[in-house]
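One structure below.
Nothing in this text is a laboratory measurement; each read-out follows from the coordinates by a stated rule. This one's a predicted model, so the numbers in the text were calculated from it and none came from an experiment. FYI the Cβ positions are ideal-geometry reconstructions off the backbone, even for glycines, and counts take in every protein chain you see.
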Amino acid sequence: MTIRIGVIGVGYLGKHHARILSALPGVQLVGVVDKNLGRVTEIASEYGTRASMDPRELMGKVDAVTIAVPTELHHEVALSFLSAGISVLVEKPMARDLDEAEGMIAAARRAGAILAVGHTERFNPAVAVAREHLTEPRFIEVHRLGVFPERSLDIDVVLDVMIHDLDVILSLVNSDVESIDGVGVPVLTKRVDIANVRVKFKNGCLANLTASRISRDRVRKIRFFQPEAYLSIDYAEQKVEKFTLSRLLGIPRIEGGSIPVTKEEPLARELADFADAVRTKRPPLVDGEQGKRALALAKAITDKIAATS
């Protein structure tokens with residue numbers, strides 16, 4: 001069964017949606033949509049599909065769409081398709097607030113449509129490998145540093161990039177959040193561009209996250225400390241290292257090193273998962289409820305930063 005998919009928004013990220021979907025087995029890229037006529041015409045020509053400036057032109061022609069427009073438009077665009085029974089993958093953060101997120105989830109439920117959220121790091125092969133070795137994380141350290149982006153900056157750094165790590169952590173720590181501390185600073189925009197956050201979970205696990213979109217270097221790393229073991233993930237390099245405490249002959253020593261990872265493009269894995277979910281009517285790996293959970297924590301963090309500024 002061929003799944004007919006359209007891409008709405010072909011800017012910084014949406015262009016890669018079009019690239020991948022145009023070559024994905026079992027998928028027909030029906031069309032691409034963007035308000036920039038020159039841009040959408042260029043992308044449509046490159047990937048052999050139709051260009052449009054109006055998402056409504058996809059109605060009746062697609063089984064699903066991916067949405068990579070500015071966050072403020074996610075709810076409006078997604079709701080029109082979900083209400084029509086058309087499955088949606090919406091980029092993170094899934095909406096501006098929890099009411100919008102819940103509205104999208106409810107619309108998908110009523111119409112029997114699939115709703116997936118684009119938390120791409122969940123599809124990173126390194127994360128998948130590390131997951132098998134994590135038992136009881138007690139301390140998590142995250143550094144996600146990037147250069148000033150040439151893309152939409154309609155949200156702050158927490159909702160823009162830190163939310164990736166919040167989603168990963170929530171999927172790995174089996175506990176509710178107990179408390180949040182954070183500080184953030186606007187530097188190059190009117191919104192927070194760099195932030196440091198500490199999230200404490202009710203089971204005692206503590207996560208310390210630093211996110212920046214104004215750094216000179218690119219760093220995307222997360223480290224997990226658990227009883228007698230340490231794991232490190234380099235998202236960008238798709239590299240995992242594990243070190244454990246050994247007591248051979250009663251002498252404590254640290255042993256370990258790299259764990260093999262088969263490298264793949266996370267976005268390609270995400271889109272393949274979405275297409276398969278639409279085809280088989282199964283839940284996607286990151287569904288609307290999980291997208292809302294990450295959004296809720298990100299919003300709680302931004303509120304905390306605002307209150308302490």
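Considering amide H positions built from the backbone, and no H for Pro or chain starts, which residues 5 or more places from residue 63, or on another chain, come under 5 Å of its amide H?
Counting only residues 5 or more places away or on other chains, the set is 4, 5.
Through the Karplus equation 6.51 cos²θ - 1.76 cosθ + 1.60, θ set to phi - 60°, convert the phi angles of segment 192-202 into ³J(HN,Hα) values in whole Hz; use x for Gly and Pro.
With the stated coefficients, segment 192-202 comes to 4, 9, 9, 8, 10, 9, 10, 10, 9, 9, 5 Hz.
How big is the charge dipole of the chain about its Cα centre, in debye rounded to the nearest 20, if each Lys and Arg gets +1 on its Cβ and each Asp and Glu gets -1 on its Cβ?
Charge dipole, the chain, about its Cα centre: 300 debye, nearest 20.
What residues have an amide H closer than 5 Å to that of residue 286, excluding those fewer than 5 places away on the same chain, when H is modeled at 1.01 Å from N in the peptide plane?
117
Report the gain in length on full extension from residue 262 to residue 72: 0.36 nm times residue separation, minus Cα-Cα distance, nm rounded to one decimal.
Details: separation 190, 0.36 × 190 = 68.40 nm, distance 3.61 nm.
Additional length available on full extension: 64.8 nm.
Order the peptides 118-129, 82-93, 34-45 from the highest to the lowest mean number of other Cβ atoms within 10 Å of their residues.
Answer by packing, highest mean first, reads 82-93, 118-129, 34-45.
Beyond 19 Å, what percent of the Cα pairs of segment 156-230 remain? Don't jump to the answer; show the numbers that get you there.
On the way: 1078 of 2775 pairs.
Tail fraction, whole percent: 39.
Around residue 27, which amide H atoms from residues at least 5 apart in sequence, or from another chain, sit under 5 Å from its own amide H, with H modelled in the peptide plane?
It is 3, by chain and number.
Where Lys and Arg each count +1 and Asp and Glu each count -1, what net charge lies around residue 221 among other residues with Cβ under 15 Å from its Cβ?
Computed value for this residue: -1.
In deg cm²/dmol, rounded to 500, what helix-only [θ] at 222 nm does the chain give when every DSSP H run of at least 4 residues adds -39500 (n - 2.57) and the total is split over its residues?
Values: 8 runs with 97 residues, N = 309.
Computed ellipticity for the chain at 222 nm equals -10000 deg cm²/dmol.
What ranking do 296-304, 159-167 get when scored by the average of other Cβ atoms within 10 Å per residue, highest first?
Sorting 296-304, 159-167 by mean packing, highest first, produces 159-167, 296-304.
If packing is taken as the average count of other Cβ atoms within 10 Å, what order do 205-213, 130-138, 50-58, 68-76 fall into, highest mean first?
Details: 205-213: 21.8, 130-138: 14.9, 50-58: 16.4, 68-76: 18.6.
Per-residue Cβ counts within 10 Å, averaged per peptide and sorted highest first, yield 205-213, 68-76, 50-58, 130-138.
Taking the Cα atoms of segment 100-191, report the difference between the largest and smallest coordinate on each principal axis, in whole Å and largest first.
Between the extreme Cα coordinates on each principal axis of segment 100-191 lie 43, 36, 29 Å.
When the Karplus curve 6.51 cos²θ - 1.76 cosθ + 1.60 is applied with θ = phi - 60°, which whole-Hz ³J(HN,Hα) does each residue of segment 261-277 get, with x for Gly and Pro?
Per-residue couplings from phi come out as 10, 8, 6, 8, 6, x, 5, 5, 5, 5, 5, 5, 5, 5, 4, 5, 4 Hz.
Please compute the alpha carbon radius of gyration of the chain, then divide it by the globular-protein estimate 2.2 N^0.38 Å. Two decimals is fine.
1.04
Around residue 237, under 10 Å between beta carbons, what's the net of Lys plus Arg minus Asp minus Glu among the other residues?
+3
I want to verify the translational diffusion coefficient of segment 1-104 in µm²/s; compute it with Stokes-Einstein, Rh as the Kirkwood radius over Cα pairs, at 10 °C and 1.306 mPa s.
Reported coefficient: 118 µm²/s.
Which lysines have a Cα less than 28 Å from the Cα of residue 304, not counting those fewer than 8 places away in the same chain?
92, 190, 200, 202, 221, 292
Can you give the Kirkwood hydrodynamic radius of segment 163-306 from its Cα pairs, in Å with one decimal?
17.9 Å
Rounded to whole Hz and in sequence order, give me ³J(HN,Hα) for segment 7-15 from the Karplus expression 6.51 cos²θ - 1.76 cosθ + 1.60, θ = phi - 60°, writing x for Gly and Pro.
10, 10, x, 10, x, 3, 9, x, 4
Segment 170-232 to segment 9-80: how many Å between their Cα centroids?
Rounded to whole Å, the Cα centres lie 32 Å apart.
With a cap of 15 neighbouring Cβ atoms within 10 Å, and only residues DSSP puts in a loop, list the GluC sites (Glu not before Pro) found in segment 220-280. The partial results should precede the final answer.
Numbers: sites: 228, 237, 241, 255, 264, 270; in loops: 228, 237, 264.
Loop-located and lightly packed - 228, 237, 264.
Rounding to the nearest 10 and keeping the result within 0 to 90°, find how far the Cα-based axis of helix 163-172 lies from the longest principal axis of the chain.
For helix 163-172, the angle is close to 60 degrees.
Stretch residue 110-residue 136 to full length: gain in nm at 0.36 nm per residue minus the Cα-Cα span?
Full extension of this stretch gives 5.6 nm more.
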